Amino acid sequence: AMSQSIPRVPIELWRSDAVVLFDWLTATDLNTVPADHPAVKQALTDLLGQLEQTEVPYGRSGTGLTQDEIDQARAEVAKDMGW
C-alpha cells in the first residue's frame, strides 16, 4: 500500500494502452515475470491497483471489459508498432 506521504507521479495513458495493460496484468502470474528485483512485481501490482480504480475494468458498457474491446485495443496499440 502506498503512503500518501510518498511522492506521486501522474501518468496519462492512451485508453487502449490501459486496456491492454489491465488485461495483461489481470491474466499474468506476476511470480513468473522475469524481474531482477521483487520491487518490479510490487510496482506492477501497484499499477494494476491504479488501473482498477479507473473506468477501464468496466468497459464501454459499464458492466465489464469485453473480449471484443480487448481485441480492438490490442489492434489499435499494435498497428503503429515499428518492431
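The values are calculated or read from the model by the stated rules, or taken from the named source; none is laboratory data. As the structure is a prediction and not an experimental result, all values here were calculated from the model. Counting neighbours? That spans all protein chains shown, and the Cβs are built from the backbone with ideal geometry, glycine included. Side chains included, ligands, DNA and RNA excluded: accessible areas come from the protein's heavy atoms. Shrake-Rupley method; radii C 1.70, N 1.55, O 1.52, S 1.80 Å.
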Net charge, Gln67 excluded, C-beta distance under 12 Å - Lys, Arg +1, Asp, Glu -1
-3
What part of the accessible area of the chain, given as a whole %, is carbon or sulfur when the probe is 1.4 angstrom?
57
Can you tell me the length gained on complete extension of the stretch Lys79 to Tyr58, counting 0.36 nm per residue apart and subtracting the Cα distance?
5.1 nm
FRET efficiency, 1/(1 + (r/R0)^6) with R0 22 Å, evaluated for Val9 and Gln72 via beta carbons
0.15
If packing is taken as the mean number of other Cβ atoms within 10 Å per residue, what is the order of 14-23, 40-49, 62-71, highest first?
14-23, 40-49, 62-71
What are the semi-axes of the equivalent ellipsoid of segment 42-83, taken as the square roots of 5 times the eigenvalues of the Cα gyration tensor, listed largest first and rounded to whole Å?
21, 18, 7
With the 1.4 Å probe rolled over protein heavy atoms, the chain has an accessible area per residue in Å² of 76
Give me the percent relative contact order of the chain, please, defined on Cα pairs under 8 angstrom at least 6 residues apart.
37
